[in-house]
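Just below is one structure, and these are the notes that go with it.
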Amino acid sequence: MERALQEERATPLAEARILGVRVHRVGMDDALERIEALIRRAEPSLVITADANAVLIALEDAEFHALMETAALVTPDGFGLLWAGRRLGQPFPERVSGVDLVERLTRLSHAKGYRLYLLGAAPSVAERAAQNLLARYPNAQIVGVQHGYFTPADEPAIVAQVAAAQPDVLLVGMGMPRQEKWAWRHRQQLGASVMIGVGGSFDVYGGVVKRAPKWLQRVGGEWLWRLLQDPRKIKKVRNLPRFAWRVLRERRRQESATP
Ligand code: UDP
């Protein structure tokens with residue numbers, strides 16, 4: 001056991017630098033393997049699912065940038081980030097999104113009994129998400145559910161409620177970067193081994209938004225689907241050209257630096 005733990009610590013994951021921001025070059029199976037290792041390690045660890053927007057946030061928000069460095073796992077999410085990886089000669093194997101992680105972890109919980117806690121989204125949405133996930137994976141251990149619209153005054157009670165449920169994995173869907181900052185700030189009291197920021201995933205499983213058809217996901221058009229369902233997301237889409245431009249500038253710099 002002791003040796004297994006040492007081995008887990010000894011194998012660093014390959015990482016890319018996208019505009020200086022760290023993202024691991026992992027696929028879904030690698031990510032799940034690492035998350036299971038983190039559950040066994042049982043020290044509070046943060047997992048960030050990073051898309052192009054996460055990189056842009058990190059460039060402007062020092063606290064979030066530091067979390068991207070501290071996180072035990074930063075998965076590549078989104079068409080824009082995968083494109084950037086290819087352009088900068090550090091390709092990612094595939095997308096590892098929060099929505100897919102929630103489903104795969106529920107399946108793992110069904111098989112192995114990991115304890116999951118769902119925190120975030122509007123009142124009743126995470127409950128519905130839990131019910132829908134349990135309909136598919138009836139033996140999954142969803143040990144608690146809490147919406148994400150609470151005031152600072154409610155925080156101590158919510159943190160205590162999570163801790164009492166003793167989750168292995170806390171899935172936090174309160175939007176980036178708030179969800180990561182909140183989870184990390186309370187990591188000692190929360191007591192979960194792994195905290196994962198999953199953005200709007202509970203809205204997907206709770207039936208508030210529909211996932212894009214598979215063909216549209218494959219051609220990288222999920223952002224357009226999300227935008228049509230929630231026009232407030234225009235802010236993120238508007239950021240994409242800025243991201244692409246910075247990536248292309250970085251690529252030109254790389255080219256002129258290599259003889
Ligand atoms: N949300 C929340 N508390 C808040 C604000 C937002 O729980 O105070 C939820 C919101 O209901 C949604 C999720 O956080 O389910 C954010 O989804 P989005 O897709 O915008 O996440 P992002 O991609 O920005 O991480």
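Tabulated data
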quantity	calculated
Spatial separation of Cα centroids for the range 28-57 and the range 88-112, in angstrom	9 Å
Burial ordering of TRP184, TRP215, fewest other beta-carbon atoms within 10 Å first	TRP215, TRP184
Candidate aspartates and glutamates for bridging to LYS210, where Cα separation is under 16 Å - those fewer than 8 sequence places away on the same chain excluded	ASP100, GLU103, GLU222, ASP230
DSSP-defined beta bridges in the range 1-151 - what % are antiparallel, rounded to 5	30 percent
Relative contact order (%) - criterion: Cα under 8 Å, at least six apart; region: the range 123-259	23 percent
Computed over the range 23-120: relative contact order in percent, which uses C-alpha pairs under 8 Å that are six or more apart	33 percent
DSSP-defined antiparallel bridges as percent of all bridges, the chain, nearest 5	15 percent
Relative contact order (percent, whole number), the chain, Cα cutoff 8 Å, 6+ residue spacing	21 percent
Dipole-positive endmost among GLY113, PRO231, VAL55 within the chain (Cβ charges, Cα centre)	PRO231
Extended-chain gain in nm, criterion 0.36 nm per residue less alpha-carbon gap, GLN161 and GLU255	28.6 nm
Anisotropy class of the range 164-259 from Cα gyration tensor, a/c 1.5 cut	oblate
Using a Förster distance of 30 Å, the FRET efficiency for THR151-GLN188 (Cβ separation, nearest 0.05)	0.85
Cβ-defined net charge surrounding LEU88, 9 Å radius [Lys, Arg +1; Asp, Glu -1]	+3
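Coordinate-derived values only; no laboratory data. These numbers were taken from a predicted model, which means no experiment stands behind them. Note that we place each Cβ from the backbone using ideal geometry, even for glycine, and neighbour counts take in every protein chain shown.
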